[in-house]
Amino acid sequence: MCRALLAVFLALALARDCDSVSVPPHEEVARMARFVVHKCDWASMATISTHDPVKGQPFSNAFSISDGPVGNGTGTPYMYLTHMEISVQDLQVNPQASLSVSLAQTHYCKNHGFDPQSPLCAHIILSGSVIQVQDSEVCVAKAALFGRHPEMIDWPTDHSWFFARFNISQVWVLDYFGGVKTVSPEEYYRAAPSRKHSGSDTQ
Ligand SMILES: *[C@@H]1O[C@H](CO)[C@@H](O)[C@H](O)[C@H]1NC(C)=O
Ligand SMILES: *[C@@H]1O[C@H](CO)[C@@H](O)[C@H](O)[C@H]1NC(C)=O
């Protein structure tokens, strides 16, 4: 099952067009969040550090993510982690974390002349916790990650890698003007990131 899924997702990953970014209208806040999370292949993750000399302080670090095959994201950011990693050691003590992704990670903001800090260059912040995935979700996580990060397949097996998901408790959307907007996990998962339910997004 895992193998068949992986083959399909690898094919989808190879077929994707990295430059095509069709951004949802800014009024559709939950959809924008789903869109940016799906587009981004990596995220900055802040944990509460357990390491001297910054014990108890925020610690931000880059991680590869995937919420599913290109064009068919689940909304859930999956990660491939090892307890040898410094931030993962923080998560063992306190699984709460914050993940941020931005359209600055695509060509969109540069192409439109939007600075990464501009509210026109959407950034999404997820609050929640990181939890190891179990049972059939391992298959989903593996296909999502290995399809978009094929190099992971060859990462050293003696590092005891495991699959994890970001369990979202709140979504913060910094997009367009008027300050931050929040989206509940329910609204986030209900939203369709791609064009299925709207006719107003030809950009
Ligand atoms: C998208 O993913 C769902 C499961 O999350 C699957 O049932 C469906 O077949 C997939 N669609 C495509 C086009 O791959
Ligand atoms: C996942 O997040 C939800 C919403 O914050 C929370 O109620 C639930 O306890 C979390 N699950 C785990 C396993 O941490």
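The values are calculated or read from the model by the stated rules, or taken from the named source; none is laboratory data. What you see is a predicted model, and the numbers here were worked out from it, not measured in a lab. Don't worry about glycine lacking a Cβ; one is built from the backbone with ideal geometry, like all the others, and counts go over all protein chains shown. Remember, those area values only see protein heavy atoms, side chains included, never the ligands or the DNA or RNA. Shrake-Rupley method; radii C 1.70, N 1.55, O 1.52, S 1.80 Å.
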Consider only pairs whose beta carbons are under 8 Å apart and that are at least six residues apart or on different chains; among these, list those whose first residue lies in the range 46-69 and is in contact (Cβ under 8 Å) with a residue 60 or more places away in the chain and whose second residue is open to solvent by 50 Å² or more (accessible area, probe 1.4 Å) and among the β-branched types (Val, Ile, Thr). Asp67/Thr74; Gly68/Thr74; Gly68/Val140; Pro69/Val8
List pairs: first residue in the range 150-167 and without any contact (Cβ under 8 Å) to a residue 24 or more places away in the chain and of a type in the set (A, V, I, L, M, F, W, C), second residue open to solvent by less than 60 Å² (accessible area, probe 1.4 Å) and in a helix (DSSP H, G or I) anywhere in the structure, Cβ distance under 9 angstrom, at least six positions apart or on different chains. Ile153/Leu6; Ile153/Phe146
Can you spot a residue in the range 128-142 that is at pLDDT below 95 and either open to solvent by less than 40 Å² (accessible area, probe 1.4 Å) or among the hydrophobic types (A, V, I, L, M, F, W, C) (or both)? no
Scan the range 157-169 and tell me whether some residue there is within 16 Å of ligand 1 (Cβ to nearest atom), among the small types (Gly, Ala, Ser) and either open to solvent by 30 Å² or more (accessible area, probe 1.4 Å) or within 15 Å of Phe35 (Cα to Cα) (or both). no
Which condition number does Cys139 fail, the rest of (1) within 16 Å of ligand 1 (Cβ to nearest atom); (2) more than 19 Å from Pro24 (Cα to Cα); (3) under 15 Å from the mean Cα position of the chain (by Cα) being met? (3)
Index of the failed condition, His112 passing every other in (1) away from ligand 2 (no atom under 13 Å from the Cβ); (2) over 21 Å from Ser44 (Cβ atoms); (3) touching a residue at least 24 places away in the same chain (Cβ under 8 Å): (3)
Looking for something touching a Cys at 6+ places or on another chain (Cβ under 6 Å) and in contact (Cβ under 8 Å) with a residue 60 or more places away in the chain - is there at least one such residue anywhere in the range 94-104? yes
Of (1) closer than 28 Å to Leu81 by Cβ; (2) open to solvent by 20 Å² or more (accessible area, probe 1.4 Å); (3) among the hydroxyl-bearing types (Ser, Thr, Tyr); (4) not in a strand (DSSP E or B), Thr182 fails just (4)
